[in-house]
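Notes follow once the structure below has been shown.
The values are calculated or read from the model by the stated rules, or taken from the named source; none is laboratory data. Just so it is clear, the structure is predicted and the values come from calculations on it, not from any experiment. Cβ placement follows ideal geometry from the backbone for every residue including glycine, while neighbour counts extend to all protein chains displayed.
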Amino acid sequence: MVRKVVYSIFLAIIVLALAMFFAAYPFGKNKMTVGEYYLNHGVAQTGAANIVTSVVLDYRGFDTLGEVSVLFAAAAGVAILFFLAGGTKREQEDLTKPNFVVRVGSRIIFPFILLFGSYIFIHGHLTPGGGFQGGSIIASGFLLLYLSYPGTRTNRDGLSIIEGLAGLTFVVLGLIGLFLPQYSFLYNFLPKGTLNTIVSAGILPIIYIAIGFKVASEFAGIVDDMMCQVICRGGGK
Amino acid sequence: MVNLANPILLVVIPLFFTFLIALSGSFLKSGVKYLPVIAFALNIIVSLALIPEVVKNGMVIATTAGFKPPFAIDMAVDKLGLFLSLIASLLGFVASVYNLFYIDEEPQEKFHALFTLLVAGLTWMIITGDIFNLFVAFEVTSIAAFGLVGFHRDKGAIEAGFKYLVMGSIGGSFLLIGIIMLYAATGTLNIVDIAQKTSNLTFQQKLFPFAMIFTGLGIEGALFPLNAWLPDAHPAAPSSVSSILSGIMTTAAIYAIIRLTNTIFDFNQIYFFLMIFALLTLIFGEVSAFFQKDIKRMLAYSTIGQTGLFFFAFSLNTVNGLQGAFMQMVNHSLSKGMLFLVVGGMIMQVGSRNIDDFAGLGRKMKVSSFFLAIGAFSLMGLPPFFGFWSKLKIIFAALQNANAFLVASVVIILLMSVVEGAYFFKLLQVMYFGKQEKDVAVKEASYGMLFSVVVLGTVLLIISFYPAPVINFMHKAAAEIINKNYITLALKLGGL
């Protein structure tokens, strides 16, 4: 009881502080010094029709490399915690078999999910969405497969090879910038192309495709690890 | 040929090797363990290449994406960032050599990838010139650390990892809210750009973001009362990871607080408040360490105490105080990093973390025990070790403009040094003069593990006997922070 009162008091203080602070900055009032620059120069400087992508991948691309690493760390952390001491020995527990509609339906829909996810990340520099979103959509397709066919196993070695290759693509594309006269990491060295076409914005679509593969393989790995906690037996410590 | 003196390489090289580990894990198998060693050897080279540049220009700035800050992210390394990144690279290298002989549990490739990422994230926090980038680095560091703390997957490790996960995530949220507040107030994310725009903010407009950021970084920096995760997480992690967590992670978080407090939140009213936090942290850490039976727990509490000490020195807000803080940071990183590595080897031999089981080790593991003693003496501040110079500096700095409160603080610091001495001497007494009841076969740790310990010990001994260059360098670094050279230099060199 005393604890709860103390907690509520602290929470009230935080809420009050936040309210007091943000009351000074009315919504919609133009305060975005940097944001305004992006809006005015983004398209011309990066060649990406999607202004969010130009910020996320170009101006603040180094943050995105960080976010990619964060996701990598999270997936690796899950893999460590759910690692079975028996290694590859994964026995299956009998689960109730999902019914016919789920099995057939997921088979039909799976390729479309892959297609949709790929569309999202390939068009990341043109339309809303991008590598993270597209990758998650593809991973959701894998989740569907796991649900309808509990025996599904993905090739984990293959997934980590994709993951590593995609990450390396991002880093190496960035490093090329250091060998150019501009001498800047992640410098967009490819021609910008025509605005609003698929081959435009230089290295941005390549990075987004790499991120798409990376996110998809990482999420699929996480799903695989978590499914194994349910259906694998005989492992553990 | 690419110019090596580029701070961005300090982050990008380890990231490259992290992804290389993921790529090659399936066919190189345990061969991936050599990749972190290469990565951090390269990082040491880059840090060394940065030294002449930083000494010449005062700062090195690297932009990204070919745009000028504040529109793109930049890395800015001044003297303070330089020596911390050098220490981070050195500890990363030494600990990854240690890992070659220490980690035999699966999944190895995940461990080495996360380990590389952890040190990369810490270096990243130290060298970034952009406050949101700081948050990203903070996230990389903490999320890599969550997995590594739980690596052994026993009950204690999972519990410690989970506790750390919860507290670390809350800390991250606070940090993010603080950054959002700063962005709302100034419309920019570059540290120098924010610093120029905060001068016309009211006290309240600066206090709220400061409180949020201080809470967020304070959790990572283990300031009392935000440090409940640390005494569980550091012992539960593999020893090489504990060495990094204790050696650089708290230091990096305190570094971020120092950097932001001095550049962005330029107000004097809070230093007294910070000082109280620092003293509480010091007392809590050292007194708790005294009562520990588990050696790694004892070292973890001692880390809290040491953090309190150098945070106290920082809160004096004078050149001498900051100089003492930096010296103590170096001393703590090297000695505590080394102690965890030594202790890891001993635990491997003895098979227990209880101090009583360490009886008689001084005769059986002569080299390890010797370096443990050196590390302990330096942490206590015994002459002629480096810890003596740093503690002396802190005490003199506190007595410079002494008032009753500062004199009382100095008395507390001295008392806590006595407590520190008591538990370390107790440990050494057990090791050298204790009698082992069970007759266990104990050998010296393997040469590879000893190599790591000896490297750190040698560096510590060198700066103990030739402290003048280090002390002078720290003095310049501290003067630059107090004189706000970070801002002027960044403006001059195109960091804005």
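Only one of A:TYR59, A:TYR37, A:TYR25 is on the phi < 0 side of the Ramachandran plot, touching a helix residue (DSSP H, G or I) at 6+ places or on another chain (Cβ under 8 Å) and modelled with pLDDT of 85 or more; which?
A:TYR59
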Checklist entry - In region A:15-37, which residue that is outside any helix (DSSP H, G or I) and closer than 18 Å to B:ILE194 by Cα is farthest from the other protein chains (Cβ to nearest Cβ)? => result A:ASN30
Next on the checklist: Any residue that is modelled with pLDDT of 90 or more and in contact with a Pro (Cβ under 8 Å, 6 or more places away or on another chain) - is there at least one of those in region B:465-481?
Outcome noted: yes
Checklist entry - In region A:156-164, is there at least one residue being among the hydrophobic types (A, V, I, L, M, F, W, C), at pLDDT below 85 and either farther than 30 Å from B:HIS152 by Cα or within 15 Å of the chain's Cα centre (by Cα) (or both)? => result no
Item to check | Subset of region B:177-235 (residues that are within 26 Å of B:ALA144 (Cα to Cα) and in a loop (DSSP other than H, G, I, E, B)) | outcome: B:LEU189, B:GLY221, B:ALA222, B:LEU223, B:PHE224, B:PRO225, B:LEU226, B:ASN227, B:ALA228, B:TRP229
Checklist entry - Taking the stated definitions as given, is B:ASN331 over 27 Å from B:ASP357 (Cα atoms) and within 11 Å of the chain's Cα centre (by Cα)? => result yes
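Residue-wise test of (1) within 14 Å of chain A (Cβ to nearest Cβ); (2) within 17 Å of B:PRO14 (Cα to Cα); (3) part of a helix (DSSP H, G or I).
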| position | (1), (2), (3) |
| --- | --- |
| B:ALA41 | no, yes, yes |
| B:ILE51 | no, no, yes |
| B:VAL54 | no, no, yes |
| B:ILE61 | yes, no, no |
| B:PRO69 | yes, no, no |
Item to check | Test: residue in region A:38-54 that is touching a strand residue (DSSP E or B) at 6+ places or on another chain (Cβ under 8 Å) and either at the interface with chain B (Cβ under 10 Å from one of its Cβ atoms) or not hydrophobic (A, V, I, L, M, F, W, C) (or both) | outcome: yes
Next on the checklist: I'd like the full set of residues that are more than 9 Å from every other protein chain (Cβ to nearest Cβ) and surrounded by fewer than 24 Cβ atoms within 10 Å (Cβ to Cβ), limited to region B:143-156.
Outcome noted: B:HIS152, B:LYS155, B:GLY156
Checklist outcome for this item: Within region B:262-311, the residues that are touching a Lys or Arg at 6+ places or on another chain (Cβ under 9 Å), charged (D, E, K, R) and under 22 Å from B:GLN429 (Cα atoms) are B:LYS293, B:ASP294, B:LYS296, B:ARG297
Item to check | Residues located in region B:30-49, provided they are surrounded by fewer than 19 Cβ atoms within 10 Å (Cβ to Cβ) and either free of Cβ contacts under 8 Å to residues at least 24 places away in the same chain or among the hydroxyl-bearing types (Ser, Thr, Tyr) (or both) | outcome: B:SER30, B:GLY31, B:TYR34, B:ILE38
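Every residue, every condition in (1) surrounded by fewer than 19 Cβ atoms within 10 Å (Cβ to Cβ); (2) within 30 Å of B:ASN317 (Cβ to Cβ); (3) in contact (Cβ under 8 Å) with a residue 12 or more places away in the chain, yes or no:
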| position | (1), (2), (3) |
| --- | --- |
| B:GLY345 | no, no, yes |
| B:MET348 | yes, no, yes |
| B:MET365 | no, no, yes |
| B:LEU379 | no, yes, yes |
| B:PRO383 | yes, yes, no |
| B:TRP389 | no, yes, yes |
Checklist outcome for this item: A:SER160 fails exactly one of (1) outside any helix (DSSP H, G or I); (2) closer than 22 Å to A:ILE122 by Cα, namely (1)
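I want to confirm something. Restricting to region A:59-70 and keeping residues that are part of a helix (DSSP H, G or I) and crowded, with 24+ Cβ neighbours inside 10 Å, which single residue is farthest from the other protein chains (Cβ to nearest Cβ)?
A:VAL68
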Next on the checklist: Among the residues of region B:144-181, what is the count of those that are within 19 Å of the chain's Cα centre (by Cα) and of a type in the set (Phe, Trp, Tyr)?
Outcome noted: 2
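Could you please find all residues in region B:22-42 being within 19 Å of B:ALA95 (Cα to Cα) and out of contact with any Ser or Thr (no Cβ under 7 Å at 6 or more places or on another chain)?
If the condition is that a residue be within 19 Å of B:ALA95 (Cα to Cα) and out of contact with any Ser or Thr (no Cβ under 7 Å at 6 or more places or on another chain), then B:SER30, B:GLY31, B:LYS33, B:TYR34, B:LEU35, B:ILE38, B:ALA41, B:LEU42 are the ones that fit.
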Checklist entry - For residues in region B:85-136 being free of Cβ contacts under 8 Å to residues at least 24 places away in the same chain and out of contact with any helix residue (DSSP H, G or I) (no Cβ under 7 Å at 6 or more places or on another chain), which is nearest to the other protein chains (Cβ to nearest Cβ)? => result B:GLU106
Checklist entry - What tally of residues in region A:147-161 results from selecting those that are crowded, with 17+ Cβ neighbours inside 10 Å and within 9 Å of chain B (Cβ to nearest Cβ)? => result 3
Checklist entry - For region A:119-156, which residues satisfy the criterion of being assigned to a loop (DSSP other than H, G, I, E, B) and hydrophobic (A, V, I, L, M, F, W, C)? => result A:LEU126
Item to check | Check on B:GLY168, assigned to a helix (DSSP H, G or I), without any contact (Cβ under 8 Å) to a residue 60 or more places away in the chain, touching a Ser or Thr at 6+ places or on another chain (Cβ under 8 Å) and under 22 Å from B:PHE277 (Cβ atoms) | outcome: no
Next on the checklist: Could you check region B:408-451 and list, in sequence order, the residues that are at pLDDT below 85 and either among the hydroxyl-bearing types (Ser, Thr, Tyr) or at positive phi (or both)?
Outcome noted: B:SER446
Item to check | One residue from B:THR198, B:THR261 being polar (S, T, N, Q) and within 14 Å of chain A (Cβ to nearest Cβ) | outcome: B:THR198
